[in-house]
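**Q** This structure is in structure tokens; I'll ask about it shortly.
The values are calculated or read from the model by the stated rules, or taken from the named source; none is laboratory data. All figures in this text were calculated on a predicted structure; none of them were measured in a lab. Cβ placement follows ideal geometry from the backbone for every residue including glycine, while neighbour counts extend to all protein chains displayed.
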Amino acid sequence: MNDLVIQTRGLRKSYDGSPALRGIDLAVPRGSICGFLGRNGAGKTTTLKLLLNLLRPDAGEIFLFGDPVSSEAAAVAARRRIGFVSEEKQLYPYMTVGQTIRFTRPFFPGWRADLEAKYLEIFQLPESKPVPKLSKGMRTQLMLLLALARGAELLILDEPTDGLDPAVTEDVLQVLAGLAASGGTSIFFSSHHLAEIEQIADRVCLIDRGQIVIDGELDDLKTDYRRILLVFSGDAPAAVNALAGVDHVRTRGRTASLLAHGDIEATLGRARELQPESVEVHPVTLKELFLDHVKEA
Amino acid sequence: MLWWKAWMETRWRLVFVLAGCALLWSEGLLFGLPLAKLKMAFILQHAIVWGFAATMLAGAGLNSQTTWGTAAGYHGSMLFTLSLPVARRKLFAVRAGAGAVETCALIVVTAAPLVLFAGLGWSAASLYIAGACICSMAAYAISALFACVTGEMWQLYGSWGVLAVLSVALRFPLLARFNPLRGLFSEAYTSAAHFPWMDAWIGAALLAALCCFAAVRILDRKEY
């Protein structure tokens, strides 16, 4: 358990009887960049808030850095090692950039003055500028600075690039990728921007309707999953829907498109038994994986 | 730093309340009311001011920093605050403590004109301070509790509503005995001999303890 920065078991949460999470099992290894992917309302923010003890689970367990987060004291101790950037990216409007930094600094004994200076320069944040006068991009950069300079072992980022222009988005992604490359910091970030996750994540966790539907290393997922296209002489037989090793099937007239994973050769063998006219195997993109799982779940 | 943050959040409220008090003083002085009438005017007006001041200074808690608050002109920094390695109870205690200190300072500061301009003796002024403390302790605790549950405006409306109920309860002897508002509305206000100190203190302290206990329980269970 010690090599996991985040672990959850059977995490459940409902709002007014309506289930938001239906038994989430997460395992994020130390040092990884894990993209937490899902549609709006899939349960991403709820999961992040549960990790930070802002919400209480109906059932299940949460472990951060190997320790159970079952009390306020444990959550406070864990938050000392976590940098969090919320989706809203709101800070105190009555403070300047410099005041916000000076306010945050004393809460973290491991505050890195060198990182503070470094990111102030990279992001070109004027210390005397009041927070309300910062653009959303600059607010995001300030929040990242606050998260990074505290020497956090884990960054939890909720839609870190949401609402940012492409140039700022690229800056932010570069910083995150650089941080992970330098080692030591794990990143768990939610997003519905597939390209960003493909760009920097080494691990992907896909949540849909409160359940984890894909969880694994990005490279492994790309290797494990294949798109199998079958073209039949007549309409695609109903038997394609029952093929073992196939996650999802889409049929249209004579064509059946299968998303398969695991032993692809064995699945191909079973598919050929249905006597298609042609069989094609293609690698899948993250976008295809995402769409297949969330559209047809 | 939390104390500094609390000060930053409440300083304009304090200025606003002080300006309100100054307005009342100048009104009394400008109209040149007779001394006795002036004293009564101060007392009645201040009774209202304490209710207002305490409820104002007890606000601006976490609930005023919600995201929906941003749309209403407030700020949505609640998640940033809650992501700091600070227990919720400590956040509440510091915020409530800062407002309480400001309220106490306000009581002492506003007692000065009563002594300097209205001819109130030190003995009566100290009774005034004690009465104001009792009244504002109750109003503050009620408002702090509302601040844990509701947004900015409903916190004020709710607190004033409860204070209005308490002031109506003064008319009924059974309910008036431990009523903390007796501290400011009582005609025996400036008389140490007639003022029901112990009952009012007990009433205010019990109400404050109850509100604090409820606020802590709510904070412990609240989901953000």
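**Q** Kindly evaluate A:Arg250 against the criterion of being of a type in the set (Lys, Arg), free of Cβ contacts under 8 Å to residues at least 60 places away in the same chain, in contact with a helix residue (DSSP H, G or I) (Cβ under 7 Å, 6 or more places away or on another chain) and not in a helix (DSSP H, G or I).
**A** Numbers: of a type in the set (Lys, Arg): yes; free of Cβ contacts under 8 Å to residues at least 60 places away in the same chain: yes; in contact with a helix residue (DSSP H, G or I) (Cβ under 7 Å, 6 or more places away or on another chain): no; not in a helix (DSSP H, G or I): yes.
No; evaluated as a whole, the condition is false for this residue.
**Q** Ok, one more. For region A:25-74, which residues satisfy the criterion of being farther than 18 Å from A:Ala201 by Cβ and among the aliphatic types (A, V, I, L, M)?
**A** A:Leu50, A:Leu52, A:Leu54, A:Leu55, A:Ala59, A:Ile62, A:Leu64, A:Val69, A:Ala73, A:Ala74
**Q** Applying the selection to region A:7-25, what residues are of a type in the set (Lys, Arg) and touching a helix residue (DSSP H, G or I) at 6+ places or on another chain (Cβ under 8 Å)?
**A** Initially, region A:7-25 is screened for residues of a type in the set (Lys, Arg), giving A:9, A:12-13, A:22.
Within region A:7-25, just A:Lys13 meets the criteria.
**Q** Okay, moving on. Can you pull out the residues in region A:45-72 that are modelled with pLDDT under 90 and not in a loop (DSSP other than H, G, I, E, B)?
**A** A:Thr45, A:Glu72
**Q** Kindly evaluate A:Ala256 against the criterion of being closer than 22 Å to A:His282 by Cβ and either more than 20 Å from the chain's Cα centre (by Cα) or in a helix (DSSP H, G or I) (or both).
**A** On the way: closer than 22 Å to A:His282 by Cβ: yes; either more than 20 Å from the chain's Cα centre (by Cα) or in a helix (DSSP H, G or I) (or both): yes.
Taking the combined requirement at face value, the residue satisfies it.
**Q** To continue, here is another question. Just give me the residues in region B:119-153 being among the hydroxyl-bearing types (Ser, Thr, Tyr), surrounded by fewer than 21 Cβ atoms within 10 Å (Cβ to Cβ) and over 22 Å from B:Arg95 (Cβ atoms), in sequence order. Walk me through it before giving the result.
**A** Within region B:119-153, the first condition is being among the hydroxyl-bearing types (Ser, Thr, Tyr), and the residues that meet it are B:123, B:126, B:128, B:136, B:140, B:143, B:150.
Adding the requirement that they be surrounded by fewer than 21 Cβ atoms within 10 Å (Cβ to Cβ) leaves B:123, B:126, B:150.
Those that are among the hydroxyl-bearing types (Ser, Thr, Tyr), surrounded by fewer than 21 Cβ atoms within 10 Å (Cβ to Cβ) and over 22 Å from B:Arg95 (Cβ atoms): B:Ser123, B:Ser126.
**Q** With the structure loaded, tell me whether A:Leu120 is in the same structural domain as A:Asp202 (by TED's automatic domain parsing), touching a strand residue (DSSP E or B) at 6+ places or on another chain (Cβ under 8 Å) and on the phi < 0 side of the Ramachandran plot or whether it fails that test.
**A** Details: in the same structural domain as A:Asp202 (by TED's automatic domain parsing): yes; touching a strand residue (DSSP E or B) at 6+ places or on another chain (Cβ under 8 Å): no; on the phi < 0 side of the Ramachandran plot: yes.
It is false that A:Leu120 is in the same structural domain as A:Asp202 (by TED's automatic domain parsing), touching a strand residue (DSSP E or B) at 6+ places or on another chain (Cβ under 8 Å) and on the phi < 0 side of the Ramachandran plot.
**Q** Sticking with this structure for a sec: Out of all the residues in region B:187-196, is one or more closer than 23 Å to B:Ser126 by Cα, at pLDDT 90 or above and surrounded by fewer than 19 Cβ atoms within 10 Å (Cβ to Cβ)? Steps first, please.
**A** Applying the first criterion (closer than 23 Å to B:Ser126 by Cα) to region B:187-196 yields B:187-196.
Filter again for at pLDDT 90 or above, leaving none.
No - not one qualifying residue is present in region B:187-196.
**Q** Please work out which residue is farthest from A:Phe107 (Cα to Cα), limiting yourself to region A:77-96 and to residues that are facing chain B (nearest Cβ under 7 Å) and at pLDDT below 90.
**A** A:Glu88
**Q** Any idea how many residues of region A:259-279 are part of a helix (DSSP H, G or I) and of a type in the set (A, V, I, L, M)? Talk me through it step by step, then tell me what you get.
**A** First, the residues of region A:259-279 that are part of a helix (DSSP H, G or I): A:264-272.
Imposing the further condition that a residue be of a type in the set (A, V, I, L, M) reduces the set to A:264, A:266, A:268, A:271.
Matching residues across region A:259-279 total 4.
**Q** Condition (residue is within 13 Å of another protein chain (Cβ to nearest Cβ), surrounded by fewer than 21 Cβ atoms within 10 Å (Cβ to Cβ) and within 28 Å of the chain's Cα centre (by Cα)) applied to region A:121-128: is it met by at least one residue? Reasoning before the result, please.
**A** Step one: of region A:121-128, the residues within 13 Å of another protein chain (Cβ to nearest Cβ) are none.
Checked against the condition, which is being within 13 Å of another protein chain (Cβ to nearest Cβ), surrounded by fewer than 21 Cβ atoms within 10 Å (Cβ to Cβ) and within 28 Å of the chain's Cα centre (by Cα), region A:121-128 yields no hits at all.
**Q** Of (1) closer than 30 Å to B:Met198 by Cβ; (2) outside any helix (DSSP H, G or I); (3) modelled with pLDDT of 85 or more, B:Ser159 satisfies all except one. Which?
**A** (2)
**Q** Let me ask you something else. Check region A:74-89 and report whether any residue there is in a loop (DSSP other than H, G, I, E, B), touching a residue at least 40 places away in the same chain (Cβ under 8 Å) and either in contact with a Gly (Cβ under 8 Å, 6 or more places away or on another chain) or crowded, with 23+ Cβ neighbours inside 10 Å (or both). Write out each step before concluding.
**A** Keep residues of region A:74-89 that are in a loop (DSSP other than H, G, I, E, B), which gives A:80-81, A:86-89.
Next, only the ones that are touching a residue at least 40 places away in the same chain (Cβ under 8 Å) stay: A:81, A:86-87, A:89.
Filter again for either in contact with a Gly (Cβ under 8 Å, 6 or more places away or on another chain) or crowded, with 23+ Cβ neighbours inside 10 Å (or both), leaving A:86, A:89.
Yes, there is a match, as at least one residue in region A:74-89 is in a loop (DSSP other than H, G, I, E, B), touching a residue at least 40 places away in the same chain (Cβ under 8 Å) and either in contact with a Gly (Cβ under 8 Å, 6 or more places away or on another chain) or crowded, with 23+ Cβ neighbours inside 10 Å (or both).
**Q** Going through B:Tyr128, B:Tyr140 one at a time, which residue ends up being in contact with a Ser or Thr (Cβ under 8 Å, 6 or more places away or on another chain), more than 30 Å from B:Leu219 (Cβ to Cβ) and not β-branched (Val, Ile, Thr)? Steps first, answer last, please.
**A** Values: B:Tyr140 fails: more than 30 Å from B:Leu219 (Cβ to Cβ).
The match here is B:Tyr128.
**Q** Keeping to region A:280-290, report how many residues are part of a helix (DSSP H, G or I) and surrounded by 15 or more Cβ atoms within 10 Å (Cβ to Cβ). Steps first, please.
**A** To start, the set of residues in region A:280-290 that are part of a helix (DSSP H, G or I) comprises A:286-290.
Subset that is surrounded by 15 or more Cβ atoms within 10 Å (Cβ to Cβ): A:286, A:288-290.
The total comes to 4.
**Q** Given the criterion without any contact (Cβ under 8 Å) to a residue 24 or more places away in the chain, assigned to a loop (DSSP other than H, G, I, E, B) and either within 14 Å of chain B (Cβ to nearest Cβ) or closer than 23 Å to A:Thr140 by Cα (or both), identify the matching residue among A:Gly41, A:Gly31. Show your work before the answer.
**A** Working: A:Gly31 fails: without any contact (Cβ under 8 Å) to a residue 24 or more places away in the chain.
A:Gly41 is the lone residue from the list that is without any contact (Cβ under 8 Å) to a residue 24 or more places away in the chain, assigned to a loop (DSSP other than H, G, I, E, B) and either within 14 Å of chain B (Cβ to nearest Cβ) or closer than 23 Å to A:Thr140 by Cα (or both).
**Q** For region B:84-116, which residues satisfy the criterion of being under 30 Å from A:Ser71 (Cα atoms), of a type in the set (D, E, K, R) and under 14 Å from the mean Cα position of the chain (by Cα)? Lay out the reasoning, then the answer.
**A** To start, the set of residues in region B:84-116 that are under 30 Å from A:Ser71 (Cα atoms) comprises B:84-100.
Within this subset, residues satisfying the condition of being of a type in the set (D, E, K, R) are B:88-90, B:95.
The one that is under 30 Å from A:Ser71 (Cα atoms), of a type in the set (D, E, K, R) and under 14 Å from the mean Cα position of the chain (by Cα): B:Arg95.
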